[in-house]
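In what follows, a single structure is set out as structure tokens and then discussed.
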């Protein structure tokens, strides 16, 4: 459009092509979905692959007008399927979904200590400590053993027992 | 250590190094393995996607979308569903038709008032190289920039929810105080910053002697104007 006085603008900045609408939707959902997947796979490579596979599968099936909550539920259902497939292929067992109620408020659930705390709280003291040091503080087995005043081989065995006990406290639905 | 112990140990070692666990039967330990994954995810900062991954997947999806021409959801409806009231561009009086476009890729919009007038918003003598200056004139919030010796201008209204943008202390980027969206000085959203941002509308500028003038709406609506 020509300005009112007929002159031409001095300089107009040209941008990269603008993202289409779905990309905004994608960017809104990618973080929460990634954290959802990460809480179930525990490693970055799987979380990235499964998040990608989920969006590749789910996006073409979306239609205009779907609500935010519906989309989140759909993405999670798709991700669960991909996680279960991956697990079966890699570990040879059927993966039952973690009890949903055991992870209150999913979006923030996996981001803080606070929310694995109820699980850790139910463990005997040494089990709780060994898991906190190893998983939440990132201590090596050696550092964990030193901090707890036990031998390295004891620390190794104790973390396995602690995980198994925690799994019993946290039965799948 | 039993064979099952060694298997679980290897699984933990992989998870704690943020690596993909190897293929191995889970036996009775699938529950313990899942707890390990969940605990590791609770490690501070462990569970956020890297900006490189987020941008890379966006590129992949964009290519797929172009090829298959799949119908994509309408962002405005999503926003409405999420209870987000403010739409992009409000406050600047900028046309927002570009946001409704479907799977086409619209260019960065240019703010074009129906009744445009050249209005002085800065002085060349004060706009040294690398300067970004805010202006607020005729209902338009904008930036005048002298980034490469040429003067340009951008809307200072975030395209996400209409918050007024600020330059950071370095003067090299524009930040939104509301959701930490970030824009480059050409108005493009910074990759990896807060999600939904479309480019900032360009405001047309020219120099007139020492005056830097922007094409802005008339001071008052033209006669007979009723919205």
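The values are calculated or read from the model by the stated rules, or taken from the named source; none is laboratory data. In this text the structure is predicted, and so the values were computed from the model without any measurement. FYI the Cβ positions are ideal-geometry reconstructions off the backbone, even for glycines, and counts take in every protein chain you see.
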Just to be sure I understand, how many residues within segment A:99-128 are surrounded by 12 or more Cβ atoms within 10 Å (Cβ to Cβ) and modelled with pLDDT of 50 or more?
11
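Kindly establish whether residue B:4 is more than 32 Å from the chain's Cα centre (by Cα) and more than 7 Å from every other protein chain (Cβ to nearest Cβ). Before you say what the answer is, go through the steps one by one.
Values: more than 32 Å from the chain's Cα centre (by Cα): yes; more than 7 Å from every other protein chain (Cβ to nearest Cβ): yes.
Considered against the rule, which asks whether it is more than 32 Å from the chain's Cα centre (by Cα) and more than 7 Å from every other protein chain (Cβ to nearest Cβ), residue B:4 comes out as yes.
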Hey, can you tell me all the residues within segment A:122-138 that are under 15 Å from residue B:9 (Cα atoms) and more than 9 Å from chain B (Cβ to nearest Cβ)?
A:130
Of the residues in segment A:155-173 that are away from chain B (no Cβ under 11 Å) and at pLDDT 95 or above, the one that is farthest from residue B:28 (Cα to Cα) is A:155
Which one of these is more than 7 Å from chain B (Cβ to nearest Cβ) and either at pLDDT 85 or above or surrounded by fewer than 20 Cβ atoms within 10 Å (Cβ to Cβ) (or both): A:64, A:47, A:39?
A:47
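Only one of these is in a helix (DSSP H, G or I) and surrounded by fewer than 19 Cβ atoms within 10 Å (Cβ to Cβ): A:134, A:161. Name it.
None of the other options fit; the residue is A:161.
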Expected single match for at pLDDT 85 or above, crowded, with 23+ Cβ neighbours inside 10 Å and either farther than 25 Å from residue B:51 by Cα or in contact with a strand residue (DSSP E or B) (Cβ under 7 Å, 6 or more places away or on another chain) (or both) among B:165, B:185 is B:165
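Take segment B:30-41 and flag every residue that is in contact (Cβ under 8 Å) with a residue 12 or more places away in the chain, over 33 Å from the mean Cα position of the chain (by Cα) and facing chain A (nearest Cβ under 7 Å). Walk me through how you get there before you give the answer.
Of all residues in segment B:30-41, those in contact (Cβ under 8 Å) with a residue 12 or more places away in the chain come to B:32-33, B:36-37, B:40.
From what's left, over 33 Å from the mean Cα position of the chain (by Cα): B:32-33, B:36.
Result: B:32, B:36.
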Could you go through segment B:199-213 and let me know if any residue there is within 21 Å of residue A:26 (Cα to Cα) and either crowded, with 16+ Cβ neighbours inside 10 Å or modelled with pLDDT of 85 or more (or both).
yes
